[in-house]
Every structure is written in structure tokens, then in C-alpha cells.
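The values are calculated or read from the model by the stated rules, or taken from the named source; none is laboratory data. Just so we're clear, the structure is a prediction, and the values are computed from it rather than from any experiment. Methodologically, a virtual Cβ is constructed for each residue, glycine included, from the backbone with ideal geometry; neighbour enumeration extends over all protein chains shown. The accessibility values were calculated without ligands, DNA or RNA, using every heavy atom of the protein model including side chains. Shrake-Rupley method; radii C 1.70, N 1.55, O 1.52, S 1.80 Å.
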Amino acid sequence: MGTVAGGDRDHEPQFTRPIGNLTAAVGREAVLACTVDHLGNHRVGWLRAEDQTVLSLHTSMVSHNPRITLTHDNYQSWQLHIRQVKESDKGCYMCQVNTKVMKKQIGCLDVHVPPDFLVGDTSGDMAVQEGDNATMICKATGNPQPRVTWKREDGQKILQRRGLRDTVEVDILAGEEMHFWKVDRRQMGSYLCIASNEVPPAVSKRVYLAVNFAPVIKVPNQLLGAPLYTTVTLECHVEAFPNTINYWVKNRQEMLLNGSKYAVWENQTGYYKVVMWLSILTFRPTDIGTYNCISTNSLGKAEGTLRLYGLADTSASESSKSKSTTTVESSAASLQFSPSIIALALAIAFLQLCRHIPLKLS
């Protein structure tokens, strides 16, 4: 064993400071330092403490792992470098000096791992019948152990049932499992499972909950009156999932289609809501009657009823009334300015009066 520069045979080697414990994130570099004074002719070695695997012996590397290297500072400070740290590098490392009674000290490496989902233990998209129970599960790994939270993707509150009639709304739910008791259609939508710990980045998974139920139709205005020869629009609101086939019929006979007479269209306003419209482009007397909006899917069928009647043309009525008033006023005006007619009327009135007055003879 050769003499080491800077050695001192008159003193026993001593560790001048502890290695200490170190934390490194996956992919970073970790450096464990072992500082020895009065090394003399002794040698320093690095080992894995758990299984006593020799990594280095003095200035020579024993490990064949290219990520692990050794440096030293004038044979005093011996650094074990672990590049591109992996989760498998987590553990304790031992620095030894081959004195008569071997001297050693230990330092431990904790590897922080960003969160990731356990695919086999995490829920995918699901579909349930309205009124059934459902559970979403989201399991994640990482170091430190990730915290799992749930939120709705659309920013709305999460609806949770506490009883048959009691519900609460929350922005976020914590925990790996989210339970739905007697699922309500309002709970349909996309949910985000978010796993986070001290190591970026946080991860999220989207889980879609579909709630299946038969169509329900609501009619805002079941009885509608409109002036003839105008455009009239009928409206129905549909709630259903899965998606429906929607159409209109008149007097429970003909199906009404887009064309020169009718305009038919609809708009989806939510996960399970659709608004249906029917416009009669020129409302004629033959269009008066009963109209039905019908919606059907694999779970059932629903229909709404609207009754349409015509209103009188108020503008024509007002015009006729105005003409009548004008005629009466014109007649009165002509009487006022005709002296012969006035004189004749006075003479007739005087004669009628005389018939009723008896004559007195003196």
C-alpha cells in the first residue's frame, strides 16, 4: 500500500463532518461527501449500505454504473456523484476507512418522485343509469405520497347527495375515491382527478360520468295565439341521455320537415339538454291545430303538446271603426249647416205639440 500525498502516519483518520441526509428529485444529480482528516496510508471506499455493494475503492470505481462517479479534493473530501437520479437510487450509502477497527459513516438519499397514476387502479369513463350508485377511483404513486383531489372540468360545483332530499355542493373533494349515491342527471359531466406532491409537475386525469335516462319534455307555452299571415315559432325543451331523435308532427299525422313552409332546428344547451324549435313561416287558417314535439332514445319516448290558434286582425277592426266614426261626424256636420232641414224639423215638432194641448173657449 503506497504513501498517499498529504498523509499523516502519526494520527488516526477521523471523519470531520457527517455525510448527512440528502434529497434529490428524479433526474437531478446527488452528491454525497465524506471528509476525512489524517488519512495517511489508509484508503476510502463507498458502498451501498443495504446490500454492502462496493461502489468505489479509494480512487478507483468498482461499480459499472456509468451514472455513478467519484471525485476527491486532495485526498481529504471524497464525493460520490449520482447523476440522473432514479427512484432505485433511494437508500443509504456508507463511507468506510480501512483502519484496524474499520471506521464508517452513513448518509441517506431520499429521491423525490413526481406523481403518476396507477393505470390499472384508476377509473376510466363510465355510464350509469339515473338512480344507481357510482364510484370514481384515482390512485397515484410518487414520493412524497401524492394528494388526490377532484373537481369538475367545467368549473361547476360537485353535487353530492347526503340523503334522499339533502344535497350539498362543493368546489373540490379530497381523496382517492369519489362516491355518488343515487346518481342524478345534474351530476353528469367530466371530472378531473388531480394528483400533486412537492415535486412538479402535478398530473391530472379526466373521467367522464354519463347518466342515462329516458327523455323528458317541457313545453314553456302550451297554448299559443298568433295573428294570421305572420311567422310563428313553437318551442320545446328536452332532457335525455343518450342523445335523442327529435321531430315535430301536426294533428298527430304528418311529420314536419324543413322547407318553404316550416323551419325546424334544435340546439344542445348542456350535457343532456336540447331546445327544439318549429317556425311556421306564414301562419294561415289551415295551420291552426295541435302540434307535438317528440323525442326518443334507447330508453324511452316523450312528447309535448302545443295548441295553436289564430288572432283577429286588430288593425282592420280599428280601421273599420275609424271609418264609421268619421261618417257619423260628417252627417252631423251636414245637418248643422243646412237651414232648410232645421226649419222643417222645428215645424214638425210644433205640430206634434199642438195636438196634445186642448183648446179653451172663453
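For K157, what accessible area in Å² do you get when you roll a 1.4 Å probe over the heavy atoms of the protein chains, rounding to the nearest 10?
Ignoring ligands and nucleic acids, K157 comes out at about 90 Å².
Under 15 Å from the Cβ of A30, count the other residues' Cβ atoms, weight Lys and Arg +1, Asp and Glu -1, and hand me the total.
+2
Determine the order of E50, E198 by accessible area, beginning with the largest, at a probe radius of 1.4 Å.
My answer, sorted largest first, is E198, E50.
State the answer as a single residue: which of P200, A174, M126 lies farthest towards the positive end of the charge dipole of region 57-201, with beta carbon charges of +1 for Lys and Arg and -1 for Asp and Glu, about the Cα centre.
P200
Equivalent ellipsoid semi-axes for region 62-221, as square roots of 5 times the alpha carbon gyration tensor eigenvalues: give them largest first, rounded to whole Å.
So the equivalent ellipsoid measures 55, 14, 12 Å along its semi-axes.
Please report, to one decimal in angstroms, the Kirkwood hydrodynamic radius of region 1-156 built from all distinct Cα-Cα pairs.
Taking every pair of different Cα atoms in region 1-156, averaging 1/r and inverting gives 18.8 Å.
Hey, any idea what Rg/Rh is for region 193-306, computing Rh the Kirkwood way over Cα pairs?
So for region 193-306, dividing Rg by the Kirkwood Rh gives 1.23.
Given points 7 Å out from each Cα along the Cα-Cβ axis, report the R186 to A312 separation in nanometres with one decimal.
Here the answer is 4.7 nm between the modelled labels.
Please report the accessible area of L70 (heavy atoms, 1.4 Å probe, ligands and nucleic acids excluded) in Å², nearest 10.
Accessible area, nearest 10 Å²: 40 Å².
Using the structure shown, select from K139/K218; K182/K218; K90/K139; K86/K205 the pairs with a Cα to Cα distance greater than 32 angstrom.
Distance filter (> 32 Å) returns K139/K218.
Heads up, I need the accessible area for F241: 1.4 angstrom probe, whole protein in place, Å², nearest 10.
It works out to around 40 Å².
Rank these residues by their accessible area, most exposed first, probe 1.4 Å: Y262, Y291.
Listed by decreasing accessible area, they come as Y262, Y291.
With a point put 7 Å past each Cα toward its Cβ, work out how far R206 is from T23 in nm, to one decimal.
3.4
What is the Cα radius of gyration of region 88-170 over 2.2 N^0.38 Å, N being its residue count?
Taking the Cα Rg and dividing by 2.2 N^0.38 Å, one obtains 2.03.
How many angstrom separate the Cα center of region 276-302 from the Cα center of region 203-274?
9
Mind computing the radius of gyration and Dmax over the alpha-carbon atoms of region 135-263? Å is fine for both.
Gyration radius and largest Cα-Cα distance of region 135-263: 22.7, 74 Å.
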